[in-house]
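Participant: Quick one: the structure is below, and I'll ask about it shortly.
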Amino acid sequence: QVQLVESGGGLVQPGGSLRLSCAASVSIFRLRTMGWYRQAPGKQRELVAGITGSGQTNYEDSVKGRFTISRDNAKMTVYLQMNSLKPEDTAVYYCNLRVPPYLNWGQGTQVTVSS
């Protein structure tokens, strides 16, 4: 059973930065297009960034120019570098496949942007 483990979240002031990591437990990861998602309180989960197995990326409009998704296939890890964070970026962040059927969702990592 594939496991996805997200880490790197925390409390940061507006304008600050965080780097999230998502480690997968199996090598199938290296061929698949992966995505970072987030879910704010009372809102639906949304996709914020995606990356193909070869490294092509795409971003949701509100994070373009601030967030960077990357991957290390040898480490089976996907990263999300988040800069210029805003209070509206506050959410639980998850990684998973870019399109369904999704793998089992991990616990996510909480990102809170507040002064």
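The values are calculated or read from the model by the stated rules, or taken from the named source; none is laboratory data. Note that this is a predicted model, so its numbers are computed, not measured. Counting neighbours? That spans all protein chains shown, and the Cβs are built from the backbone with ideal geometry, glycine included. The area values use the complete protein model at the heavy-atom level, side chains included, leaving out ligands, DNA and RNA. Shrake-Rupley method; radii C 1.70, N 1.55, O 1.52, S 1.80 Å.
Participant: Please verify whether Gln110 is in a strand (DSSP E or B), farther than 26 Å from Gln1 by Cα and open to solvent by 30 Å² or more (accessible area, probe 1.4 Å), treating the condition exactly as stated. Let's see the steps before the verdict.
Facilitator: Values: in a strand (DSSP E or B): yes; farther than 26 Å from Gln1 by Cα: no; open to solvent by 30 Å² or more (accessible area, probe 1.4 Å): yes.
Here the answer is no, as Gln110 does not meet what is asked.
Participant: Next up: For segment 10-27, does any single residue satisfy the condition of being in a loop (DSSP other than H, G, I, E, B) and within 13 Å of the chain's Cα centre (by Cα)?
Facilitator: No.
Participant: If you don't mind, another one. Answer yes or no as to whether Val2 is in contact with a helix residue (DSSP H, G or I) (Cβ under 8 Å, 6 or more places away or on another chain), farther than 23 Å from Pro87 by Cβ and modelled with pLDDT under 95.
Facilitator: Against the criterion (in contact with a helix residue (DSSP H, G or I) (Cβ under 8 Å, 6 or more places away or on another chain), farther than 23 Å from Pro87 by Cβ and modelled with pLDDT under 95), Val2 qualifies.
Let's see how each residue does on (1) small (Gly, Ala, Ser); (2) in contact with a Gly (Cβ under 7 Å, 6 or more places away or on another chain); (3) surrounded by 14 or more Cβ atoms within 10 Å (Cβ to Cβ); (4) part of a strand (DSSP E or B):
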site: Ser62; (1), (2), (3), (4): yes, no, no, no
site: Gly65; (1), (2), (3), (4): yes, no, no, no
site: Ala74; (1), (2), (3), (4): yes, no, no, no
site: Glu88; (1), (2), (3), (4): no, no, no, no
site: Tyr93; (1), (2), (3), (4): no, yes, yes, yes
site: Asn96; (1), (2), (3), (4): no, yes, yes, yes
site: Pro101; (1), (2), (3), (4): no, no, no, no
site: Asn104; (1), (2), (3), (4): no, no, no, no
site: Ser115; (1), (2), (3), (4): yes, no, no, no
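Participant: Please state which one of Val5, Val48 is part of a strand (DSSP E or B) and under 24 Å from Ser115 (Cα atoms). Step through it out loud before you land on a result.
Facilitator: On the way: Val5 fails: under 24 Å from Ser115 (Cα atoms).
Of Val5, Val48, the one residue that is part of a strand (DSSP E or B) and under 24 Å from Ser115 (Cα atoms) is Val48.
Participant: Would it be correct to say that Val78 is open to solvent by 20 Å² or more (accessible area, probe 1.4 Å) and either within 22 Å of Pro100 (Cα to Cα) or among the hydrophobic types (A, V, I, L, M, F, W, C) (or both)?
Facilitator: no
Participant: Of the conditions (1) of a type outside the set (A, V, I, L, M); (2) assigned to a strand (DSSP E or B); (3) without any contact (Cβ under 8 Å) to a residue 12 or more places away in the chain; (4) out of contact with any Gly (no Cβ under 7 Å at 6 or more places or on another chain), Asn58 clears all except one; give me its number.
Facilitator: (4)
Participant: Given the residues Arg30, Arg38, Arg98, which is the only one that is on the phi < 0 side of the Ramachandran plot and modelled with pLDDT of 95 or more?
Facilitator: Checking each option against the conditions leaves just Arg38.
Participant: If you scan segment 1-37, which residues turn out to be in contact with a Lys or Arg (Cβ under 7 Å, 6 or more places away or on another chain) and either in contact (Cβ under 8 Å) with a residue 60 or more places away in the chain or open to solvent by 60 Å² or more (accessible area, probe 1.4 Å) (or both)?
Facilitator: Passing the criteria: Gly8, Pro14, Thr33, Met34, Gly35.
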